[in-house]
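Trainee: Quick one: the structure is below, questions incoming.
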Amino acid sequence: MGTNPSPPAPYQGATYDDVLTRLATVSSRLSDILRTIGIGTVLFCWGLFSADKGLPHDVAVHHPLWIVVTAAIAVLGLLFDLLQAAVAYRVANRLRSDIERDQFKPKFYPYQSLLYRSQTFFFYGKSILMPVAAASIVILLFVMVWNPQPVPPAAPCCCCSNPPSPPTPSPNQKTSKLLLLPVPEFTPKNWTNPTNMQKLQKALSQKAEKGDLLLLIGSADCTPIRNNKEKLDNTQLALNRATKVRDLLQAAGFSLEMPPQVLPQYVNCREKSETRAVYPLLLHSAEH
């Protein structure tokens, strides 16, 4: 890439050669910048489509047409850049042949020919298309940050043909069932004092028996933690909540096996009180 030539002194006027040299330098730099923008835009769009999880995957699922149109605009701008170079070569090569036929006499460029004018068309075309593609990417980034849309989980199969019938328990055979008990929830600013603990203890007293397993699955909403002095992420916060509920139940005299569990947590979506909770699942065994 060339550098800008030094401007003429204030008391001197720019010559025609000075102007042509500056135009060539500036147009070359502009083409390099536009080419970088176009290639970067295409790679960014491809990265969104190739993502298999997280926020980029969610955006690719909800805005596929936006991404395709943006990539198409960038590719068209790169095509214009290629056509401009090809036409410029064709014009210069034709003029070289004319000069050689006339025994190297100077000749003017064919400014009025369609081939020469198409260079200007392709130059202005790529100068518009690639910034438009870059602006589209910037807008898409704002959409990704300010309005994330997680992909909903797949619905369970409801139309499967010939589903297998559940096995019939034989006499004196133990069967298990999973019960969702009352859910302790937490306020946004205090994870040490869950609510609904009395309801959970009452349900355990009525339904839990010796040998049952109580899974305490911690959950956190996907709002980033404010004033995060302990540097917790939402997954660790959810595990801490489950551990706190286990400790409270053990202090209340419950001797069940109660392992705290946690699933991967979102880090950026809409705040919901239902997700600031611990979901107690009682695996209850009974003899038949």
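Quick note: the coordinates plus some simple rules give every number you see, no bench work behind them. Note that the structure is a prediction, hence the values are computed from the model and not measured. Don't worry about glycine lacking a Cβ; one is built from the backbone with ideal geometry, like all the others, and counts go over all protein chains shown.
Trainee: Could you give the length gained by full extension between ALA135 and ASP247, i.e. 0.36 nm per residue of separation minus their alpha carbon distance, to one decimal place?
Mentor: 35.0 nm
Trainee: Kindly provide the trypsin sites (Lys or Arg not before Pro) of the stretch 44-118 that DSSP labels as loop, not H, G, I, E or B, and whose Cβ sees at most 13 other Cβ atoms within 10 Å.
Mentor: LYS53, LYS107
Trainee: What list of ³J(HN,Hα) couplings, whole Hz, do you get for the stretch 121-136 from phi and the Karplus terms 6.51, -1.76, 1.60, once you set θ to phi - 60° and write x for glycine and proline?
Mentor: Result, rounded to whole Hz: 4, 5, 5, 5, x, 5, 5, 9, 5, 5, x, 4, 4, 5, 5, 4.
Trainee: Also: Rounded if a/c is under 1.5, else prolate if a/b is larger than b/c, else oblate: which is the stretch 1-134, with a ≥ b ≥ c the root eigenvalues of its Cα gyration tensor?
Mentor: Verdict is prolate for the stretch 1-134.
Trainee: Which is farthest toward the positive dipole end of the stretch 35-125 among SER50, ILE73, PHE104, measuring Cα position about the Cα centre, with Cβ charges +1 (Lys, Arg) and -1 (Asp, Glu)?
Mentor: Among SER50, ILE73, PHE104, the one farthest towards the positive end of the dipole of the stretch 35-125 is PHE104.
Trainee: Determine the alpha carbon to alpha carbon distance for each of LYS177/LYS207; LYS177/LYS244; LYS53/LYS177 and list only those over 21 Å.
Mentor: LYS177/LYS244; LYS53/LYS177, as the Cα separations exceed 21 Å there.
Trainee: Please list, ordered by chain and number, the residues whose modelled amide H lies under 5 Å from the amide H of VAL262; skip anything fewer than 5 residues away on the same chain.
Mentor: GLY218
Trainee: Right, next: Could you check the spin-label model distance between ASN93 and PHE254? Points 7 Å from the Cα along Cα→Cβ, value in nm.
Mentor: 8.2 nm
Trainee: For a footprinting-style exposure proxy, rank TYR279, TYR89 by other Cβ within 10 Å, fewest first.
Mentor: Lowest to highest Cβ neighbour count: TYR89, TYR279.
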